Amino acid sequence: MKVEVLRVLKNGGHDTTGAENLIRRFALISLDDELADEAVALREPCGGADSLHLASALRLGVADTIIATHDAQMARAAQQLGFIVVDPVTDDPRHQPVI
C-alpha cells in the first residue's frame, strides 16, 4: 500500500510528505509466505498486488475495513468478499470525469 500511494503521488508530480505522515498511522501488514498463500487462494478475480491488498484486509476484518479503489476489478473482488468499497475519484464530488 505504501509504495502504491507514494508512487501515484510522485507520478502526478505531488509532494509525498503529507502522505508519508498519514501512512505512519495505518496498520501495515508485512508480506510473508503465509500472506502470499492467502492471496493466491482468493477465488475472486484480481491482480497480484490487489490480491495481496485483499488478503491483508481480510486479516484486519471485513467489518473493520473499507476498501478505497478506482479499479473496477478490485472493487468487484472486494465487494464479493463483503467489504464496503469507495471510489476516491467518482465518490468525491470535487473530481470531474476524466473524459
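The values are calculated or read from the model by the stated rules, or taken from the named source; none is laboratory data. Bear in mind that the values here come from a model prediction, so they are computed numbers and not experimental data. Because the Cβ atoms are built from the backbone with ideal geometry, glycine has one as well, and the counts that use them run over all protein chains shown.
From the list HIS14, HIS53, which one is surrounded by fewer than 15 Cβ atoms within 10 Å (Cβ to Cβ) and modelled with pLDDT of 85 or more? Answer to the check: HIS14. Does the stretch 58-76 include one or more residues that are under 23 Å from VAL8 (Cβ atoms), modelled with pLDDT under 95 and among the acidic types (Asp, Glu)? Yes: one or more hits.
Any residue at all in the stretch 88-99 that's within 15 Å of the chain's Cα centre (by Cα) and modelled with pLDDT of 85 or more? Within the stretch 88-99, none of the residues are within 15 Å of the chain's Cα centre (by Cα) and modelled with pLDDT of 85 or more.
Those helices (runs of 4 or more DSSP H) of the chain in which at least 1 residues are of a type in the set (S, T, N, Q), considering only elements entirely within it, cover 2-11, 17-23, 48-60, 72-80. So, in the stretch 44-86, exactly how many residues are under 18 Å from LYS2 (Cα atoms) and in contact with a Ser or Thr (Cβ under 7 Å, 6 or more places away or on another chain)? Residues meeting the conditions: 1.
If you check ALA75, ALA39 for being of a type in the set (Gly, Ala, Ser), touching a Gly at 6+ places or on another chain (Cβ under 8 Å) and surrounded by 15 or more Cβ atoms within 10 Å (Cβ to Cβ), only one passes: ALA39. None of GLY61, GLY47 is surrounded by fewer than 17 Cβ atoms within 10 Å (Cβ to Cβ) and at positive phi except GLY61.
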